[in-house]
Every structure is written in C-alpha cells, then in structure tokens.
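Nothing in this text is a laboratory measurement; each read-out follows from the coordinates by a stated rule. Remember, it's a predicted structure, so these values are computed and weren't measured experimentally. Neighbour counts are summed over all protein chains in view; Cβ atoms, including those assigned to glycine, are modelled from backbone coordinates with ideal geometry.
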Amino acid sequence: MLNSCNDSLDGTTFFTTDEMTIAETLEANPDKFSMYVEILEKTDFYNAFKSYGTYTCFAPTNLAISNYIKERWNATSISELSSPEHLEFLKIIVKFHTLPTRRAASSFVEGRIPELTYTGDYLTTSYVGGGGIANVQINREATLDQYDIEANNGIIHAIDAVLPPFIDPVPKIMEDSGNYTIFVEALKQTGYYDEFSEIYNEDGVRINFTILAESDAIYAENGINSFADLANFISPDNSDYTDATNDLNRFIAYHAAQDFYYSSDFPDDGFISTVLVNNAIKSLKTDKELKINETETGVDDTWISLLSESSNLPAKNGVYHTVDKLLTIFTPEPKYQIFDFTLTPSVGKLAYGTWYGDDQNAGPFTNPRVFPATRVRILRQSSNPSYGTPQDGGNTVFNCGSVTWLEFDTPVLPKGKYEVRVCGNQGNNGRPVFQIYWDGQPIGSQWDMRDNLVDVFGSNWAEVDSLEMRSKGYVRGLKDRFNGSGVSAYDNSNWGRFIVTSDLLCPVQQSHVLRLETIRSGGIPIDYVEFVPVD
C-alpha cells in the first residue's frame with residue numbers, strides 16, 4: 001500500500017524573484033570572486049549562500065586570496081589546501097567573513113559592527129585614512145574594493161585583503177606587536193596576562209576585555225625604560241605583585257575593563273568599570289577628542305586621550321587601546337548620570353519595535369533583567385516625549401508587562417550622595433505600582449505609575465511651582481524632549497519624573513543593583529533613571 005519515488009528536484013532551492021543569491025552572484029563574477037567560490041565549495045558553505053537567509057558577505061577578491069594563501073601556506077591555488085587543518089581553517093575564514101544579517105556600507109561607523117560574525121567575533125570599521133566609504137577599513141586589515149552588491153539573500157562587500165580570523169587573546173596580540181614589552185611583562189608579573197587571556201568563563205560564556213595600555217614609547221617619555229623601572233615607580237616597597245592590594249597590581253587592574261569598548265563605545269559623559277574593584281575610568285567626549293579622567297577643576301585641567309593610530313585593535317577576546325600618558329588611578333567627583341534602558345549594550349541601539357528575551361533575538365539579556373524571564377519589547381514613542389533621538393536609539397521605552405521585578409546594574413557612581421529619579425509613561429490604570437530596592441534594600445517612596453500629574457496636582461498642574469511638585473515626589477519632564485507633535489516632556493502630564501529618594505548615600509565608587517519590584521503588576525513602559533548629585 002506504500003510506495004515512494006525519487007524527487008528530481010531534491011536539493012534545489014526556489015526563490016520568488018529573479019535576483020541571484022550571494023553564491024550565484026559571486027559565481028557570476030569569476031574575474032573577482034572565483035577563488036572565494038572555490039573556498040565556499042570546498043568548505044560546503046556554497047549551498048548555504050544559495051539558500052534562503054539573510055547574510056552580509058565580506059568576500060575577498062582573487063588577488064587578496066592569492067596573496068593570503070601564498071604568505072600563509074606558500075600555496076598558489078585553493079586545490080593545494082587539502083589537509084584537514086587547511087579545511088578547518090578555511091571554514092573559520094568563511095564564518096569570520098560572514099554576518100547573520102544584511103548590513104550596507106552606509107551603516108559603517110567608527111566602531112564595531114553590532115552583529116557578531118559566525119565565529120562569534122566583532123568586526124570593526126574605521127576611517128583612519130579619512131572620511132567616506134572609500135576609506136573605510138575592516139579590522140584595520142582590508143578596504144572595500146566594491147560595496148553593497150545586492151543579492152536575493154543578502155549583500156556582498158568585496159574587500160582587498162583576507163581578514164585574518166581572531167585566534168589569539170588581547171595580551172598575546174599585544175605581546176606579538178613588540179610595542180608593549182614593559183606593559184606585557186607587568187601583566188605577567190601580576191598574573192593578569194592569564195586572566196585577560198581567557199576567552200570563555202567557567203560557564204562556557206564568551207567574555208571580552210578592553211585594555212588601555214602604555215606603549216614602551218609612552219613609558220620612555222616618563223623615564224621608564226624597563227619593567228624594573230615601572231615597578232620601582234609604582235610599587236617601590238612591595239614586590240609581591242600578585243597581591244591584589246599591591247600598588248602595581250592595582251595599577252594594571254585599573255587598565256582593563258571586562259567588556260568590549262571600541263572608542264565609539266566609551267560613554268559620552270560617564271564611567272567605565274575597571275577590573276580594579278570600586279574604581280572606574282571617567283569618559284567625556286567633545287567635538288574634538290575623547291577625554292579620559294579629566295580633572296574638571298576649571299583651572300589647568302588635565303586628561304588622557306587615546307592614540308588613534310594604535311587604538312581600537314581587536315583580538316579574539318576584546319580590544320586594546322594605547323593611551324598618550326600614564327593612566328594612574330583616578331578618583332572622580334559625583335556627577336549627573338542618566339541611564340536609558342534602550343541604550344544599554346545588552347539591549348542594543350535602534351532596537352525599537354523588536355522583542356528581546358527569546359531565542360530569535362538578543363536574549364536572554366543581562367542588563368536590565370526581569371523575573372520571571374519573559375520577552376520584553378522596545379517601543380518607539382512617536383506620540384510621547386521619551387528620552388533621546390531616533391538617531392541615537394532614543395524616543396523609545398523599555399516595556400514589559402506583569403513581571404514580578406525588573407532590575408539593572410547601574411552605571412558606576414562616584415562616591416557621594418544622590419537623588420534618584422525614575423521616568424516613564426504613567427497615568428494609566430493598566431500601569432503597576434513599584435517599590436524600589438537598592439542593592440537588595442528598599443529605599444524611598446513607592447512609585448504608582450497609574451497616576452499622572454493631573455491626578456496628583458489637579459487640572460492646574462501646569463501652574464504648580466517646582467517646590468510644591470517636589471513636595472509630592474515629582475519633577476517635571478525634560479524641556480528638550482518632544483513627542484511627534486512638538487510637545488515637550490516638561491508640558492506632558494504623563495511624563496513627570498518620580499523622585500524615589502533625595503538622600504541616597506554611596507560610600508564607595510561602584511556600580512549598584514536597582515530593582516523595581518511590583519506591588520501591583522501591569523504594563524511597564526520605563527524611559528530612564530537619573531542619578532543627580534546632592535551637595
């Protein structure tokens with residue numbers, strides 16, 4: 001009763017458009033891509049690029065591949081690469097040159113490409129040779145020979161060099177460069193060489209480090225010409241460099257952050273936590289430069305910058321930069337900070353309209369966090385005056401509903417006293433009531449998101465002065481944030497800023513955990529949290 005037949009079309013993929021796939025487009029241009037097509041066929045990736053999907057393919061030209069295999073293997077053709085080791089490395093090359101989404105050249109900025117390659121690495125784009133797409137460099141290794149070649153299942157960028165896959169961690173790359181012998185020896189003496197060489201943590205999760213290092217040339221400018229000179233300068237009376245309290249150990253720990261920070265990822269005006277506990281690097285961007293640890297005294301201010309030609313250098317587990325002066329441990333003053341959930345690295349910029357927290361997107365995300373684990377949505381607010389601009393990922397709110405709690409790791413806060421405010425789209429009976437917790441302890445007043453300013457102050461709320469408004473726990477919205485109709489948050493009764501507490505004391509410089517725990521559940525469209533220094 002059962003029978004079978006052979007399908008003559010088995011293995012064939014059909015599309016509803018005449019546009020060619022990436023594989024077909026590459027194959028149709030043999031003068032430029034025949035060798036890359038050979039690699040795709042040899043590694044069994046050809047059919048993937050001929051099937052449904054969305055990819056960005058950085059395809060090295062024939063000349064680029066010829067130069068690469070000649071230098072690496074002394075080979076003149078792909079057919080000569082026949083060993084299992086050759087095949088495995090060619091697979092890594094293909095995956096390293098491929099993104100799982102479509103990314104046009106117009107989106108390239110001075111920084112890392114947001115999507116990971118299929119090897120789990122970030123590619124970087126830079127304009128060290130000047131502005132314009134013609135000058136963009138990928139990983140400081142290749143430039144665009146041709147760009148935005150459209151295909152049915154993605155986009156192709158022809159590049160004039162093969163991108164060497166990241167194999168070695170940051171310390172090894174620095175050591176191999178030969179420009180950081182003193183700093184690398186300090187890494188080894190303090191034990192941080194091995195720590196900063198880790199690629200996966202004990203749970204098997206990929207980790208990254210950002211290292212800010214002095215080159216040998218910068219040390220020489222300060223009379224330091226050997227590791228012994230550095231040790232004598234930083235820690236003259238204690239040679240136990242592996243001791244976490246040792247001054248040299250602290251000095252090196254302060255040079256690293258456990259995250260990936262390309263220079264464009266540095267905060268415009270904020271802090272980066274370092275491996276040295278309770279110590280952070282202050283970052284301030286101006287129109288002209290990045291200022292690190294600016295003294296902000298108003299008189300003869302000092303700061304440190306990055307040497308652009310020897311910074312933003314990626315490795316398998318992060319990136320390293322070269323500072324232009326000695327980077328000593330800095331104690332900043334308290335300063336105003338605003339934390340927008342939708343601009344955090346774990347959620348991603350320009351994420352409006354997308355869900356997070358499921359297998360199809362970025363989840364589970366790490367900051368902020370929700371319980372129970374659920375999908376949350378980044379909502380674009382055209383009718384409300386939410387923080388930011390569409391260009392920087394703003395005009396968005398972080399929205400989740402009916403969760404027990406929402407919490408996040410705050411930015412690093414310098415030691416001092418702060419007023420904490422929370423802003424969101426309130427004034428709706430479907431909103432929750434929150435108790436705020438700080439490092440596990442309840443603080444301040446409960447935030448009832450069902451209320452708007454009319455509910456609290458009456459229909460003449462717009463005439464209420466700031467002192468009366470503060471007495472009932474509110475500050476009016478920001479004057480420079482507007483909805484689609486041009487109405488500012490300052491004049492919007494649903495966009496008041498709720499004062500959680502005005503006397504939060506932070507005895508040490510560190511990041512904290514702020515939790516919003518629901519007393520009554522409901523939809524939670526939160527815009528941002530503010531930390532305002534109190535004299």
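Brief remarks on what is shown
- Karplus-derived HN-Hα couplings along segment 453-458 (A = 6.51, B = -1.76, C = 1.60, θ = phi - 60°), whole Hz, x at Gly and Pro: 5, 5, 4, 7, 10, x
- Inter-site label distance for A28 and D455 at 7 Å from Cα along Cβ, in nm: 5.9 nm
- Hypothetical label at L87: residues of segment 19-44 whose amide nitrogen lies under 20 Å (7 Å Cα-Cβ projection): 35-44
- Using a Förster distance of 25 Å, the FRET efficiency for S264-V487 (Cβ separation, nearest 0.05): 0.20
- Karplus (6.51, -1.76, 1.60) ³J(HN,Hα), θ = phi - 60°, over segment 46-61, in Hz, Gly and Pro reported as x: 4, 5, 4, 7, 9, 10, 4, x, 9, 9, 10, 10, 8, 9, x, 6
- Here the spin labels are modelled as points 7 Å beyond Cα on the Cα-Cβ line, and at L326 and E80 they lie 5.2 nm apart.
- Judged by the mean number of other Cβ atoms found within 10 Å, the most tightly packed of the peptides 246-257, 277-288, 457-468 leads the ranking 246-257, 277-288, 457-468.
- Length released on extending from T143 to L467, taking residue separation times 0.36 nm less the Cα-Cα span: 110.8 nm
- Using a cut-off of 27 Å between Cα atoms, the listed pairs K285/K479; K32/K91; K95/K288 include K95/K288 as exceeding that distance.
- Those lysines that a straight Cα-Cα span of less than 20 Å connects to K417, excepting residues fewer than 8 apart in one chain: K282, K335
- Relative contact order, percent, segment 475-527 [alpha-carbon distance under 8 Å, six or more residues apart]: 25 percent
- Per-residue ellipticity at 222 nm computed for the chain from its helices equals -5000 deg cm²/dmol, with DSSP H segments shorter than 4 residues left out and the rest contributing -39,500 (n - 2.57).
- Dipole of segment 22-159 [Lys/Arg +1, Asp/Glu -1 at C-beta], most positive-end residue of A104, A28, H86: A104
- Couplings 3J(HN,Hα) of segment 97-102, computed from phi: 8, 10, 9, x, 7, 8 Hz, in residue order, whole Hz [Karplus 6.51 cos²θ - 1.76 cosθ + 1.60, θ = phi - 60°; x for Gly and Pro].
- Percent antiparallel among DSSP beta bridges (both partners in the chain, rounded to 5): 90 percent
- Mean separation of Cα pairs under 8 Å and 6 or more residues apart, divided by the residue count, gives the chain a relative contact order of 11 percent.
- Counting only Cβ charges, +1 for Lys and Arg and -1 for Asp and Glu, the dipole size of segment 170-322 around its Cα centre is about 280 debye.
- Placed amide H near A213: partners under 5 Å, 5+ positions off or other chain: H321, T322, V323
- Between V109 and I443, the modelled label-to-label distance comes to 3.0 nm, taking each label 7 Å out from Cα in the direction of the beta carbon.
- Sites D44 and N429, calculated FRET efficiency, Cβ-Cβ separation with R0 51 Å, nearest 0.05: 0.35
- Under 21 Å from the Cα of K172 - lysines, other chains or at least 8 residues apart: K188, K316
- Computed E for N201/H512 - FRET, C-beta separation, R0 22 angstrom, nearest 0.05: 0.50
- Counted residue by residue at 0.36 nm each, then reduced by the alpha carbon distance between them, the extension gain from T245 to V128 reaches 38.2 nm.
- Of the DSSP H helices in the chain, those with a Cα length along their own long axis of 15 Å or more and a mean Kyte-Doolittle hydropathy reaching 0.5 comprise 84-96.
- Difference of contour (0.36 nm per residue) and Cα-Cα distance, V534 to Y336: 70.3 nm
- For the chain, a crude dipole built from +1 on the beta carbon of Lys and Arg and -1 on the beta carbon of Asp and Glu, taken about the Cα centre, is about 1520 debye to the nearest 20.
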